[in-house]
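Data block below; observations after.
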Amino acid sequence: MVAWWFSPLKMKINVLFFGQLKDVCGCSEDRLEVPSGATAGSVFDHYAALNPKLGAMAGSVVIARNQEFTTREALLAEGDEVALLPPVSGGSGPFHEIEDPAGHYFALTRETIDLRGLESKLLQGFDGASVTFQGVVRNNTRGRETLRLDYECYEGMAIRKMAEIGRAIAVEFAVSRVAIVHRLGTMQIGEASVVIVATAPHRRPAFDAALEGINRLKRLVPVWKKEYFADGEVWVEGEWDQDAPRAGTVAAE
């Protein structure tokens, strides 16, 4: 591998690690000096060389640059934020929210989600349907007793992706309004970790939009969960959308 960090022209970037990658790399954030012309992929390769387990995960890790998915070939600039994101499993104050001019609503919260308030917030006089999906913490995984879950996310990117998904499905399914709210932090059995609400003049578009909303959220929004059992704990590994750019393989030496 070329020792690219010895270039005389250098710049500094911030590198973030999420989910199980925090455990693999031993930190949640790092400040890295890279040469002019460095790419997002070279940053991944740097940490993979230090942590072989990360290199073995290259086919499932996604890279983000400044809170957007990016490719290995993307050139970096001074002050960039690069995030290494493990497969999704679907801050500052209790809420990080976006209230859309069209009436859509997207939020990350560490508080119990107010279902009735959320539904009332979206409903309009011409709506004839309101469909609410709740993702609820269950008490087992494949027969193994679950004690609780912890959720974390790349907050800035997550809220933007939630808004992108909500706005897109509102257009595709001709619904009036969409809300997506995700909990962060520790959740107990029976609590809702994510809620999606779709309102529309007719029921079919609302049902379809709510279903598509949770399906896209599970594949595209950088949220991770750790499951705690009586005999241990584990980061739950899901799967990125097929179009999300992967970190790829580590360059040969």
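The values are calculated or read from the model by the stated rules, or taken from the named source; none is laboratory data. Keep in mind that what you see is a predicted model, and the values were worked out from it rather than measured. Every residue, glycine as well, gets a Cβ built from its backbone with ideal geometry; the counts of neighbours run over all protein chains shown.
Among Ala179, Ala170, Ala206, Ala163, which is part of a helix (DSSP H, G or I), under 18 Å from the mean Cα position of the chain (by Cα) and of a type in the set (A, V, I, L, M, F, W, C)?
Exactly one residue qualifies, and that residue is Ala163.
Can you work out which of the residues in the range 222-248 that are surrounded by 21 or more Cβ atoms within 10 Å (Cβ to Cβ) and either out of contact with any Gly (no Cβ under 8 Å at 6 or more places or on another chain) or over 18 Å from Val136 (Cα atoms) (or both) is modelled with the highest pLDDT?
Only one residue fits best here, namely Pro222.
Just checking, does the range 163-175 include any residue being at pLDDT 95 or above, in contact with a Ser or Thr (Cβ under 7 Å, 6 or more places away or on another chain) and at negative phi?
Within the range 163-175 (the criterion being at pLDDT 95 or above, in contact with a Ser or Thr (Cβ under 7 Å, 6 or more places away or on another chain) and at negative phi), the answer is yes, since at least one residue qualifies.
Within the range 174-193, can you find the residues that are hydrophobic (A, V, I, L, M, F, W, C) and in contact with a helix residue (DSSP H, G or I) (Cβ under 7 Å, 6 or more places away or on another chain)?
Within the range 174-193, Ala174, Val175, Val178, Ala179, Ile180, Val181 qualify.
For a quick check of your reading of the model, give me the residue pairs whose first member lies in the range 62-73 and is under 21 Å from Glu237 (Cα atoms), whose second is surrounded by fewer than 17 Cβ atoms within 10 Å (Cβ to Cβ) and polar (S, T, N, Q), with beta-carbon atoms closer than 8 Å and at least 6 apart or on different chains.
Every condition considered, the pairs that remain are Ile63/Thr71.
Give the residues of the range 170-221 that are surrounded by fewer than 22 Cβ atoms within 10 Å (Cβ to Cβ), under 22 Å from Thr112 (Cβ atoms) and out of contact with any His (no Cβ under 8 Å at 6 or more places or on another chain), sorted by residue number.
Leu184, Gly185, Thr186, Met187, Gln188, Ile189, Gly190, Glu191, Ala192, Ile214, Lys218
Condition test on Pro52, is it more than 21 Å from the chain's Cα centre (by Cα) and surrounded by 16 or more Cβ atoms within 10 Å (Cβ to Cβ)?
no
Of the residues Met11, Met57, which is buried (at least 16 other Cβ atoms within 10 Å of the Cβ), touching a strand residue (DSSP E or B) at 6+ places or on another chain (Cβ under 8 Å) and of a type in the set (A, V, I, L, M, F, W, C)?
Just a single option satisfies the conditions, and that option is Met11.
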